[in-house]
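Comments concern the structure below.
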Amino acid sequence: MLRHLLISVKLNFRNPMALIYGYLFPLLFLFAFWAIYRHEQPPLMRHMGEILTITLLGGACFGLPTTLVSERERGVWRRYRLAPTPSWAFLVSLLTVRYLLLLTAGLIQLALACAIGASLPESSLSLLLAFTFAAFALMGVGLVIAMLSDSVPAVQALGQCVFLPMLIVGGVALPLSSLPGWAQHVSALFPGRYAVQSLQATFGGQPLDTVSFDLVALLLIGLAGLLAAVKMFRWEPSHSASAEGKPWILVVLGVWLSVGVAAELQDRIIVQPSEVRAEMADPVREPDHYLTEGSAPKSWREVTEADFAEIAFERLPPDDGIVAPIAALSDEPDPYTLARLDEIRTALLGWTPAQVEDPVQRARNLLFVAAVPDLLQMADIERFLPAVVLGRLRQSIPPADLPKILYWVALHPGQGDDTAITALPALGLPEINGPTRRDSRGRVMLYAFKLLERVTPLQARN
């Protein structure tokens, strides 16, 4: 078995397609994720589960079946069959080789991710265990694809039928929170979702018992795939999967369905409120949309409590939505986010745009600190920044003036200048240009309204 293992390693590294799917393909996704999420700090840390799952998908759903089918087509397996070695040893050796290849590909991913700013989880053992469970489940899927396919092109076709749905609606390439409700329900049927959640938990410092459901789901999916592959196993390329073996595909699909149903029954499917999605279609309205009646004070100093009473705060996007989110008081940032918020809070004390003489422009500049990360969807910090901004506003603007100034900024988003955006790198935040820079004024308006609701006396709002 050891001899066959060594031969299999050599054959894998002689197979260009297996190397592309196993090593090059995941690296392309790594740099794609970095290009999208490079503004997060630390970079990629909230997406390592997705990245490693893509690595496993490439190696298990493409690399593994491509290697097996190409060897079977070339007649390599015919010679193995003549050897005085039991079939189970042959299969164990194949799976061991693939696991080692997946492990090396994952280590390469981790090394490159750390090189561009990510860091390893606190428990490497937990990561290894989660990776092993995910690899076992997806190798089971890869074995079924290999047994169903008669040629390498057939492997690629079947692999895409599994790979693409997992990427798009399975919570692998797109975060679950960004998927519509129906897609979040569908994702519960795919092993990719459970692989991402179990792997990402280790990077978030969570113990594995918090994702025990995901690990059990991966184990069951892997066992079903392995059992079906054994029942459909064939040595010769000319022999299609037997009629006796094909019904075992139903067992695999049945396990996937059962896992999804169990997730539904245990209320593990998180669906965003429908009103959030409606707000995403038209997230920013004109300032008058948020007023019950017209009001036109001539300056911010003339704003009165009667003006506050005319604001329809209920028309604003919800705080738990995607547009202009604000964390609830009960929400606790993770250690990485907390450290970054502390850095921004400290940097704001000496930030030049927060010290300009005009209090209205000063408030506008500070609101850009919340507006730009919201536009860039910096999910790690965007919902926690408004509290930081509000704290700095309270320090730099007298309490009696702050509601009036926020009201004035909210109703006049086009006034003032936006050069503070170019100074955001001093806070460790990215700057934006082009149409996105213009859009930031709309977010400033929304946050001005939302923070105004938090500093306005209740009787004025009523």
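The values are calculated or read from the model by the stated rules, or taken from the named source; none is laboratory data. This is a predicted model, so every value here is computed, not measured. Here Cβ is always computed from backbone atoms with ideal geometry, including for glycine, and neighbour counts include all displayed protein chains. Surface accessibility is based on the protein's heavy atoms, side chains included, excluding ligands, DNA and RNA. Shrake-Rupley method; radii C 1.70, N 1.55, O 1.52, S 1.80 Å.
Filter the stretch 307-327 down to the residues that are at pLDDT below 90 and among the small types (G, A, S) and list them by number.
A309, A312, G321, A324
It is to be established whether one or more residues within the stretch 79-96 are open to solvent by 10 Å² or more (accessible area, probe 1.4 Å), within 29 Å of G204 (Cα to Cα) and out of contact with any strand residue (DSSP E or B) (no Cβ under 8 Å at 6 or more places or on another chain).
So far as the stretch 79-96 goes, yes, one or more of its residues are open to solvent by 10 Å² or more (accessible area, probe 1.4 Å), within 29 Å of G204 (Cα to Cα) and out of contact with any strand residue (DSSP E or B) (no Cβ under 8 Å at 6 or more places or on another chain).
So, in the stretch 169-194, how many residues would count as being open to solvent by 40 Å² or more (accessible area, probe 1.4 Å) and either of a type in the set (S, T, N, Q) or without any contact (Cβ under 8 Å) to a residue 12 or more places away in the chain (or both)?
4
Filter the stretch 54-92 down to the residues that are of a type outside the set (G, A, S) and not in a helix (DSSP H, G or I) and list them by number.
Result: R74, P84, T85, P86.
All but one of (1) within 18 Å of L138 (Cβ to Cβ); (2) modelled with pLDDT under 85 hold for M48; which doesn't?
Among (1) within 18 Å of L138 (Cβ to Cβ); (2) modelled with pLDDT under 85, the lone unmet condition for M48 is (2).
Can you find, within the stretch 265-306, the residue that is surrounded by the fewest Cβ atoms within 10 Å (Cβ to Cβ) among those that are modelled with pLDDT of 70 or more and within 30 Å of V211 (Cα to Cα)?
Once the filter is applied, the top-ranked residue is D267.
Assess whether L338 counts as being in a helix (DSSP H, G or I), of a type outside the set (D, E, K, R) and surrounded by fewer than 19 Cβ atoms within 10 Å (Cβ to Cβ).
Yes: the conditions hold for L338.
I'd like the full set of residues that are small (G, A, S) and either in contact (Cβ under 8 Å) with a residue 60 or more places away in the chain or out of contact with any Leu (no Cβ under 9 Å at 6 or more places or on another chain) (or both), limited to the stretch 396-419.
Result: A400, A410, G414, G416.
Every residue in the stretch 112-128 that is closer than 25 Å to G428 by Cβ and at pLDDT 85 or above, please.
Residues satisfying the conditions are L112, A113, C114, A115.
Considering only residues that are at pLDDT 85 or above and open to solvent by 50 Å² or more (accessible area, probe 1.4 Å), which ones fall in the stretch 417-462?
Across the stretch 417-462, the qualifying residues are D417, T419, T422, P425, A426, E453, R454.
Just a yes or no: is a residue in the stretch 62-71 among the charged types (D, E, K, R) and crowded, with 22+ Cβ neighbours inside 10 Å?
no
Among the residues of the stretch 199-208 satisfying the criterion of being assigned to a helix (DSSP H, G or I) and over 13 Å from the mean Cα position of the chain (by Cα), which is farthest from D380 (Cα to Cα)?
L208
Go through the stretch 337-348 and give me each residue that's touching a residue at least 24 places away in the same chain (Cβ under 8 Å) and farther than 14 Å from I397 by Cβ.
Across the stretch 337-348, the qualifying residues are T337, R340, L341, E343, I344, R345, A347.
Look at the stretch 224-250 and say how many of its residues are modelled with pLDDT of 85 or more and loosely packed, with under 15 Cβ neighbours inside 10 Å.
Qualifying residue count, the stretch 224-250: 1.
G159 - would you say it is open to solvent by less than 50 Å² (accessible area, probe 1.4 Å), at positive phi and not aromatic (F, W, Y)?
Judged against the criteria, G159 is not a match.
Give the stretch 106-134 a look and list any residue that's within 18 Å of T210 (Cβ to Cβ) and either open to solvent by 70 Å² or more (accessible area, probe 1.4 Å) or part of a helix (DSSP H, G or I) (or both), or say none.
Across the stretch 106-134, the qualifying residues are E122, S124, L125, S126, L127, L128, L129, A130, F131, T132, F133, A134.
Every residue, every condition in (1) open to solvent by less than 20 Å² (accessible area, probe 1.4 Å); (2) part of a helix (DSSP H, G or I), yes or no:
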{"position": "T346", "(1), (2)": "no, yes"}
{"position": "E357", "(1), (2)": "no, no"}
{"position": "L367", "(1), (2)": "yes, yes"}
{"position": "A370", "(1), (2)": "yes, yes"}
{"position": "D374", "(1), (2)": "yes, yes"}
{"position": "D380", "(1), (2)": "yes, no"}
{"position": "R383", "(1), (2)": "no, no"}
{"position": "P386", "(1), (2)": "yes, yes"}
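Tell me whether the stretch 23-33 contains one or more residues that are in contact (Cβ under 8 Å) with a residue 40 or more places away in the chain, among the small types (G, A, S) and in a helix (DSSP H, G or I).
no
Does the stretch 339-356 contain at least one residue that is more than 29 Å from the chain's Cα centre (by Cα), closer than 26 Å to Q415 by Cβ and of a type in the set (V, I, T)?
Yes, the conditions are met somewhere in the stretch 339-356.
Going by the structure shown, is I20 surrounded by 15 or more Cβ atoms within 10 Å (Cβ to Cβ), within 28 Å of T202 (Cα to Cα) and either in contact with a Ser or Thr (Cβ under 9 Å, 6 or more places away or on another chain) or not aromatic (F, W, Y) (or both)?
yes
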